[in-house]
Amino acid sequence: MVLIAKLLTLALTAAGTPILRRDAITVDGLAGAVAIHDDLENLVSSVNDATTDTNSAGSLDDESGAAILADIQAVMGSLLGVLSAIENQATAWSSVPGGASLILGDLQSLNTAFDNFADALTTNGPASLSDEVTSFKTNLDNAFTSAEAAYSS
């Protein structure tokens, strides 16, 4: 179980860092937008893998569940920062042909991936951590809703 937590932490950190350093203005048009899209797709894949691993592992004990939640909390600020940065760049993405719809689709896919991960933690995690998992999911859903709204108008 700790392996799942470490994998997720590594994936979130690795995938989120390049996204923060690039936006539609500083990249070379569509080619740069595709690179950011690829980073987001890789993050979706990593979160989906963590969900699969969590479901395959079955019931988590308190220690494993707490370790996963601690790792999630360690990267939560960075993830929320990435979502905020993407939301703030909506105008710039609109100037890239197809950019806004590309990022909106990525946000929706990533939102679904994280919801599935949170659901897997709720299903397989100890009941003692249920409130924390619910809080994690709610905070992310709020951030995704806000970011997606910027691209839906």
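The values are calculated or read from the model by the stated rules, or taken from the named source; none is laboratory data. Fair warning: this is a prediction, and the values are worked out from it, not measured in the lab. Because the Cβ atoms are built from the backbone with ideal geometry, glycine has one as well, and the counts that use them run over all protein chains shown.
So the values come out like this:
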| item | result |
| --- | --- |
| One residue from T91, T51 being crowded, with 17+ Cβ neighbours inside 10 Å and at pLDDT 90 or above | T51 |
| Subset of the range 92-131 (residues that are under 18 Å from S78 (Cα atoms) and among the charged types (D, E, K, R)) | D106, D115 |
| Exclusive hit being at pLDDT 90 or above, in a helix (DSSP H, G or I) and either aromatic (F, W, Y) or crowded, with 18+ Cβ neighbours inside 10 Å (or both), set L79, L69 | L79 |
| Hey, L12 under 30 Å from V96 (Cα atoms), modelled with pLDDT under 90 and surrounded by fewer than 19 Cβ atoms within 10 Å (Cβ to Cβ) or not | no |
| Failed item, numbered, when V96 is tested on (1) surrounded by fewer than 18 Cβ atoms within 10 Å (Cβ to Cβ); (2) outside any helix (DSSP H, G or I) | (1) |
| Unique residue being in contact (Cβ under 8 Å) with a residue 12 or more places away in the chain and surrounded by fewer than 16 Cβ atoms within 10 Å (Cβ to Cβ) when the list is S130, S135, S101, S109 | S101 |
| Neighbours by Cβ (under 8 Å, 6+ apart or cross-chain): first from the range 28-54, within 15 Å of L79 (Cα to Cα); second in a helix (DSSP H, G or I) and acidic (D, E) | L40/D106; E41/D106; V44/D106 |
| Scope the range 74-88; condition in contact (Cβ under 8 Å) with a residue 24 or more places away in the chain and more than 17 Å from T145 (Cβ to Cβ); matching residues | A74, V75, S78 |
| Positions within the range 34-72 being under 13 Å from A118 (Cα atoms), over 11 Å from the mean Cα position of the chain (by Cα) and not charged (D, E, K, R), in sequence order | A50, T51, T52, T54, N55, G65, I68, L69 |
